[in-house]
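Read the structure below first, then the notes.
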Amino acid sequence: MTYDVAIIGAGVNGAASAFHLSRRFKHVALMDQGSIASGGSGAAGAFISPKFSKGGELKRLISEAFVYSLKFYQDNFPDLIDVKPLLHIARREDEALKIRSFKNSTELKIVEQLKESMFSGLNRFAQEQESIALECSGVVDAKSVCCEMAKGVDFICLKVDSISYENNCWHIGDIRAKRIVLSTGASAHLVPMPHIRLRAVWGHRIDISTTTQLPYHLHQLVSISATDSSGKCAIGATHDLNFKLNDEHYIATQRQELLDKALKSVDLKDIKILKDYAGFRSGSNDYLPMMGRVADLKQTLKRYDFLKDGFKMPYTKAIYHKDLYMLNGVGGYGFVLAPLLAKKLTDLIVEDADEDEVLSPSRFITRYAKKALVV
Ligand SMILES: Cc1cc2nc3c(=O)[nH]c(=O)nc-3n(C[C@H](O)[C@H](O)[C@H](O)COP(=O)(O)OP(=O)(O)OC[C@H]3O[C@@H](n4cnc5c(N)ncnc54)[C@H](O)[C@@H]3O)c2cc1C
């Protein structure tokens, strides 16, 4: 059998792609070297919250994705999302401005009347800073939601070393597919893409138990989820470019950093660490995700040799690999962005639509050509 689509990488990007693509194609395969959500996605606290910044393309995209994904998870996986209000507090004085600007421009529902009760349990450090409370935000069960999104497609446990296009279809070892979606997170690219640099940022988070009841999700120095009925809550996450794998001292330091930061906001009593999670987020050079067709860089540079002189090329005019797509670079917002981006990718594949200029992975070609080819 030849699959209609093979998705390589079963993190939240691959699983959300499996969800949407399987509604449009009959034979979809999802592949991973480990189990579903065995990479960065399995480590996520999986908070579904917007980006509280002043403006910009990333804020606009995350706002759209936040509204989409809250509804998506509630409609499709209501048992796997904990929807609660969100109290977001500035980390420093200079962030107050961003929060005020967000308040003035957002269409999301802000809670004014609940604010006093939300504040009563907080420490002074949290009470004194500018804050905003949203009526709705969520935390999803990261691993379970990925597994559920992937239900109904063929899961194949395989480390893919290479892919090749021959006789009108893609070959992944013995497996054949008409199209491929690459959603391999922070791992090395499977086809040459030197113009796309991935930033891998290590993150650590913990689940704890506490006797303190936190009735809402809280963001300040770290994110703390509302306590569930068993007294469990998630605290995350650290950001580190220089991680140390399997180093007990390093793990203890990361754990302590999370606890110290959480306790600055709220006095969580009788803490017991239940579990540690860690993994990579994968980000792009301009912090925006990459969703769309994969360009054949060699052919594109050959066709547009003026690129080396610093002239620009419309992204849509890149020479593309046939039926090869990617979804990556969702940074610290994978669970917010993936449902919407996977839907957009599915529409692009089905309708053979033009690339989205903001999200196109080809946006890095011009700059790469200018830098790499000028002698
Ligand atoms: C500690 C932590 C906390 C986070 N908290 C949040 C949060 O609260 N909210 C939020 O929205 N996001 C959060 N994130 C970010 C989110 O987890 C990432 O954005 C998301 O996991 C990215 O998903 P992905 O599918 O791109 O990558 P991954 O989950 O890493 O998936 C890539 C998959 O590809 C597989 N793969 C790679 N190469 C190959 C190959 N050659 N062959 C076969 N398989 C391959 C890997 O095994 C892996 O399973 C957090 C991340 C971390 C680390």
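Here are the numbers for this structure:
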| read-out | value |
| --- | --- |
| Residues (in contact with a helix residue (DSSP H, G or I) (Cβ under 6 Å, 6 or more places away or on another chain) and not hydrophobic (A, V, I, L, M, F, W, C)) located in the range 132-164 | GLY138, ASP141, LYS143, SER144 |
| Selection count where residues are more than 18 Å from GLY332 (Cβ to Cβ) and either more than 9 Å from the ligand (Cβ to nearest atom) or among the β-branched types (Val, Ile, Thr) (or both), scope the range 190-206 | 6 |
| From the options PHE119, PHE155, PHE102, residue that is on the phi < 0 side of the Ramachandran plot and at pLDDT 95 or above | PHE155 |
| Segments classed as strands (runs of 3 or more DSSP E), wholly inside the range 1-101, with at least 2 members that are over 28 Å from GLY231 (Cβ atoms) and outside the structural domain of SER225 (by TED's automatic domain parsing) | 2-8, 28-32 |
| Every residue from the range 9-36 that is near the ligand (Cβ under 6 Å from one of its atoms) and under 16 Å from the mean Cα position of the chain (by Cα) | GLY9, ALA10, GLY11, VAL12, ASN13, GLY14 |
| Any hit, the range 51-61, residues being touching a His at 6+ places or on another chain (Cβ under 8 Å) and at pLDDT below 95 | yes |
| Residue under evaluation SER49, criteria (1) buried (at least 18 other Cβ atoms within 10 Å of the Cβ); (2) more than 13 Å from the ligand (Cβ to nearest atom); (3) farther than 30 Å from LYS322 by Cβ; (4) polar (S, T, N, Q), criterion not met | (2) |
| Unique residue being more than 11 Å from the ligand (Cβ to nearest atom) and either surrounded by fewer than 21 Cβ atoms within 10 Å (Cβ to Cβ) or under 15 Å from the mean Cα position of the chain (by Cα) (or both) when the list is THR346, THR316 | THR316 |
| Test set (1) over 30 Å from TYR165 (Cα atoms); (2) among the charged types (D, E, K, R); (3) more than 20 Å from the chain's Cα centre (by Cα) - ASP296 fails condition number | (1) |
| The range 270-286, subset among the acidic types (Asp, Glu) and either out of contact with any helix residue (DSSP H, G or I) (no Cβ under 8 Å at 6 or more places or on another chain) or more than 15 Å from the ligand (Cβ to nearest atom) (or both), residue farthest from ASN13 (Cα to Cα) | ASP270 |
| Contacts under 6 angstrom Cβ, first residue in the range 130-141 being within 15 Å of SER53 (Cα to Cα), partner within 15 Å of the ligand (Cβ to nearest atom) and assigned to a strand (DSSP E or B), 6 or more apart | ILE132/HIS88; LEU134/LEU86 |
| Given (1) within 13 Å of the ligand (Cβ to nearest atom); (2) outside the structural domain of GLY9 (by TED's automatic domain parsing), number of the condition LYS261 does not satisfy | (1) |
| Single residue of the range 319-338 satisfying the filter (buried (at least 23 other Cβ atoms within 10 Å of the Cβ) and outside any helix (DSSP H, G or I)) that is farthest from the ligand (Cβ to nearest atom) | TYR325 |
| Where a residue in the range 322-336 is among the aliphatic types (A, V, I, L, M) and its partner, wherever it lies, is near the ligand (Cβ under 6 Å from one of its atoms), with Cβ under 6 Å and at least six apart | LEU327/ASN13; LEU327/SER183 |
| Residue in the range 123-147 that is farthest from GLU112 (Cα to Cα), counting only those that are within 15 Å of the ligand (Cβ to nearest atom) and not in a strand (DSSP E or B) | CYS147 |
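The values are calculated or read from the model by the stated rules, or taken from the named source; none is laboratory data. It should be emphasised that the depicted structure is a prediction, and the values quoted were computed from it without experimental measurement. Counting neighbours? That spans all protein chains shown, and the Cβs are built from the backbone with ideal geometry, glycine included.
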